[in-house]
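The values are calculated or read from the model by the stated rules, or taken from the named source; none is laboratory data. No experiment lies behind these values; they were computed from the predicted model shown. No Cβ is skipped: glycine too gets one built from the backbone with ideal geometry, and neighbour counts run over all protein chains shown. The protein model used for the area step is the full one, side chains on, heavy atoms only, and it has no ligands, DNA or RNA in it. Shrake-Rupley method; radii C 1.70, N 1.55, O 1.52, S 1.80 Å.
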Amino acid sequence: MSGRMLTAMVSVASLSYFAAGFALYGKRRVAMPEKVAQVAVSNEAFLTRLVGVRWRSVQYPSGQDNARLQRGGSAESAAENVDVFLGTGSHGHTFPGAAVPWGMVYATPWGHGQVDSWDTQSGYNSDAAELDFYGMAHTALSGAGAGELGELRLLPVASESEEGVPGQVRIYTGSSTGSPGYFHGQLGMEGKRFCSIDSTASPRGAMHRFSFEPGFKRRSVKLLLSEAPGGFWGYVLQSSKVSAPSDTELEGCAYSQNEGIGGAESYLCFVIQFDSAFQVAGATPLPGEALASDGQLLLDFPDSLTETITARVGVSRTDIGRARDSLERELAGRSFEDVVASAQLLWQKALEKIQVKIEPEERSRVFYTAMYHMMMAPNLISDEDGAYRLQRSSATLSQRGESMYDIEQIDTMMPIQYSHKGAMYSTFSFWDTYRGLHPLLNLIQPDVSEDFASSLMSFVDTWGFLGNFQLTASPADIMEGDGGSIILGTMAREGLVDKSAAFASIKKSRTARVDDRESLDEQGYYSTFNGGSVSSALEEAAADSCASRLANDLGLTEDAAFFKKRADSAFLFWDSAEGLFAPIASLASDGAHHGQLESETALLPEYFTEGTALQYAFAAEFDTEQMIAKHGGEQNFVERLDYFFNEAPENSGRADLATGNRHGLGLGNEVTMHTPYLYSLAGQPWKSQALIDELVKDMFTDRPDGLPGNDDMGQMSAWVALSMLGLYPVDACSGDFVLGRPFVSEAEVQVKNGLFRIKVHNQKDDNKYVDAVRWKGSSLDMTRPTLSFLEISEGGTLEFWMTASRPKGASQHK
């Protein structure tokens, strides 16, 4: 197993692994901090109080569940198989810090240096032996390609004399350990270790223990609200306020804008309680006096009776009072071990939605870590009473990136609203996650998806549209298209939200005069001057196609026809002479005239966003029938796929798109993630099976560099988790999952109305082909191997029979 994963199955009655110490797989072991007692966790009462009625992402353990967990849990604990360091190396951009599923807080180390800043935008990268350390942060983006967070950081520092000035702190990545809900790190200055960190998280809070080595006369903690040096296009602090109500407490708020994601706005309030009295360096503030005008504050702890300083942090995205409520409800009076135990239980319940048997052990870690990363976003932004803030209703794309107000204007410019339908979430990476992450969460977490849907409709109510991306309190103009409408439309078509209400929001968003969408109606095709003109047309068409299908479900024939016409306009970009989607030079009575592309495999950002012309030739998955016809029929389509996967040169020109490549395929990015499954929709599923077998085996491992690209808020993880189960939603809005090559031998998936079971016969590493499939005892047509969301969500057994050689015919198994 990985050398960085705690072998700890949390017991409800006690944290036995804490008593035993941190037993790690591999050579490295880290001694457990002293004075750790076995603790009883009053689960049912505390956890219900912890989350409250509005944070319903994870149902809490029943008495029967508690008893099973006390006995040691399942044969293979889902949480035990998570390696929080998988993806923290190379270009994965995940982070190892403590979190709970979809929480408001990520208690994670924040560092830069030694590697490119793009690869430390989650605050961490395992490729570096050490990083310049800027504190334990409380927000982060998991696997993102832009938009560094790292808000509200606490940085322990020390010096050997009372007047000494602390030097640059570094974190040693080789000594970091962790598990779901827990992080441990070692810090040094000038080559000498001086402090260890233990951190854990709750939905709206965090707890830290800073354990200083003996011999340091000055032990301090810095509060840092401003952005960390050396970051990559992240947040920039605009305004803040901090005060000290007592000599053990800080409270305040910070307002910032994110340079990497279109100036998206963030407002974060906090209350921090220390277990020892502090002095503000260089000042003797009165209670309530404003501090940290520059977003920084140094706190000395001269009277600490121990060498460990404990900090409890409660946060809110509305105000200080609710941040205090978070702290009191989730952390007050609780030991560090209690909070870790609760976080571990939340993860166990969330991850147990899918139980798999899979070999070798490495693949089990890949699978469950993928599930773990899928639950890092979206993030909770509402408080227990449903309060939240969004950028003011007059927001338009032209306002993004502008510094609009001081923190004292918050109630005018970002007024408090209330969610009455469940928790409110934000940070939706629409362009990435509509493809695979949300379809899988719709299956296994329908209640959470309902809250996501409600959040999306609230965005439309506030802004009048769904942005390309959504971060904290704002729409944002990174990426393209309208993946939010696809997510919402898919949820509606799958019965998770009222169809009429969802369609009203989608129609409003799709007809808003933003992102050049008006050109669809004024010119008859999508035209943009912001780059990515061809890829934008395809993404906009995918959203219109989903809107059309939802309208058709509702019997709204005029709306259905309107959006279908819009979606079909994307095929005007098809250049039949080149066999590619290409820019439109002009539109005449005889059809579209296309501009000349210099290369089908070069990155041409003025026409294609994060992909090549060849990759986008297969990006009309919202209408595969028409896409196959444009290629000249199934045989020509398959031949073109053969060239794409086996002969075409790799793309070149951008480091962020240089991983996960196999000839024309770029699995490290979302544009082509569905393409391995296209063979199955063209009547040759064995080619999909062989390709998926190779990709999963070659591109995914349980090492820190075990992802073929950015995890992109869980979408990369969703691809491998779904592929290991043996299915993938090529066209999310259709509700259909295309069957592939499963890697599990058995799986049990908790779905809305029962259990979806997968049983794979003759599962061996060399048996990469599917000989036959049966669903609920009946054979499936392997020339078009699909199952619908509605079928799966009712429960049933899906059986695969595997073979080492390509099937010559459809065999039957009774």
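With contacts taken as Cα pairs under 8 Å and at least 6 residues apart, the range 138-205 reaches a relative contact order of 19 percent. Summary of packing: across the peptides 362-371, 125-134, 637-646, the per-residue average of other C-beta atoms within 10 Å ranks them, highest first, as 362-371, 125-134, 637-646. Of the residues TRP233, PRO214, PRO245, the one whose Cα sits farthest towards the positive end of the charge dipole of the chain is PRO214 (charges of +1 on Lys and Arg Cβ, -1 on Asp and Glu Cβ, taken about the Cα centre).
Computed from Cα atoms, the angle from the helix 533-553 axis to the main principal axis of the chain rounds to 80 degrees.
If you find the alpha carbon centre of the range 318-385 and of the range 455-490, how far apart are they in angstrom? Centre-to-centre distance over Cα atoms comes out at 25 Å. Cross-link pairs exceeding 30 Å between alpha carbons, from the set LYS357/LYS630; LYS353/LYS421; LYS241/LYS421; LYS349/LYS776; LYS565/LYS768; LYS353/LYS808: LYS357/LYS630; LYS241/LYS421; LYS565/LYS768; LYS353/LYS808. For the chain, the longest principal axis of the C-alpha atoms and the axis of helix 320-330 are separated by about 90°. Annotation for ILE416 and SER576: the two label points, set 7 Å from Cα along the Cα-Cβ direction, are 6.2 nm apart.
Charges were assigned to the Cβ only: +1 to each Lys and Arg, -1 to each Asp and Glu. The resulting dipole of the range 665-747 about its Cα centre is roughly 220 debye. Taking all protein chains into account, the per residue accessible area for the chain stands at 33 Å² (1.4 Å probe). Centre-to-centre separation between the Cα atoms of the range 104-173 and those of the range 272-306: 21 Å. No partner Cβ under 4.7 angstrom, meaning no disulfide-compatible partner by this rule: which Cys of the chain qualify? If one checks each Cβ against the other cysteines of the chain, CYS195 turn up with nothing under 4.7 Å.
Grab the eigenvalues of the alpha-carbon gyration tensor for the range 530-590, scale each by 5, take roots, and send me the semi-axes largest first in whole angstrom.
25, 13, 9
Rounded, prolate or oblate: pick one for the range 564-607, where a ≥ b ≥ c are the square roots of the eigenvalues of its C-alpha gyration tensor, a/c under 1.5 means rounded, and failing that, prolate if a/b is larger than b/c, else oblate. Taking the square roots of the gyration eigenvalues as a ≥ b ≥ c, the range 564-607 is prolate.
How large is the helix-only mean residue ellipticity at 222 nm for the chain, computed as the sum of -39500 (n - 2.57) over DSSP H runs with n ≥ 4, divided by its residue count, in deg cm²/dmol to the nearest 500? The partial results should precede the final answer.
Numbers: 22 runs with 215 residues, N = 814.
Dividing the helical sum by the residues of the chain leaves -7500 deg cm²/dmol.
What does the charge count near MET207 come to, summing +1 for each Lys or Arg and -1 for each Asp or Glu among other residues with Cβ under 13 Å from its Cβ? Net local charge, MET207 excluded: -1.
The range 207-260 and the range 603-637 have Cα centres separated by 48 Å. Here the range 665-679 is scanned for amide nitrogen atoms under 14 Å from the site 7 Å beyond the Cα of GLU634 along Cα-to-Cβ, giving 678-679. Computed over the chain, the range of Cα coordinates on each principal axis works out to 81, 57, 47 Å, biggest value leading.
For the range 499-627, the extents of the C-alpha atoms along the principal axes are 45, 32, 29 Å, listed from largest to smallest. Cross-link partners for LYS217 among the lysines, with Cα-Cα distance under 18 Å and sequence neighbours closer than 8 places in the same chain left out: LYS192.
The charge dipole of the chain, taken about its Cα centre with unit charges on the Cβ of Lys, Arg, Asp and Glu (plus for the first two, minus for the last two), comes to roughly 2280 debye.
Other residues whose C-beta falls under 11 angstrom from the C-beta of PHE789 contribute a net charge of -2, scoring Lys and Arg +1 and Asp and Glu -1.
Here's the picture: charge each Lys and Arg Cβ at +1 and each Asp and Glu Cβ at -1 in the chain, and of LEU441, VAL339, ILE584 the one pushed furthest to the positive end of that dipole is VAL339. The local environment of LEU496, defined by Cβ-Cβ distances under 13 Å, has a net charge of -1 under the rule Lys, Arg +1 and Asp, Glu -1.
Of all accessible surface on the chain at a 1.4 Å probe, what whole percent is carbon and sulfur?
Percent of accessible area from carbon and sulfur atoms in the chain: 46.
Per the Debye formula on identical point scatterers at the alpha carbon atoms of the range 174-309, with no solvent, log10 I(q)/I(0) at q = 0.09 Å⁻¹ is -0.32.
With respect to the chain, whose longest principal axis is taken over its alpha-carbon atoms, helix 499-510 is tilted by about 90°. Spherically averaged projected area of the convex hull of Cα atoms, the range 516-559: 3.1 nm².
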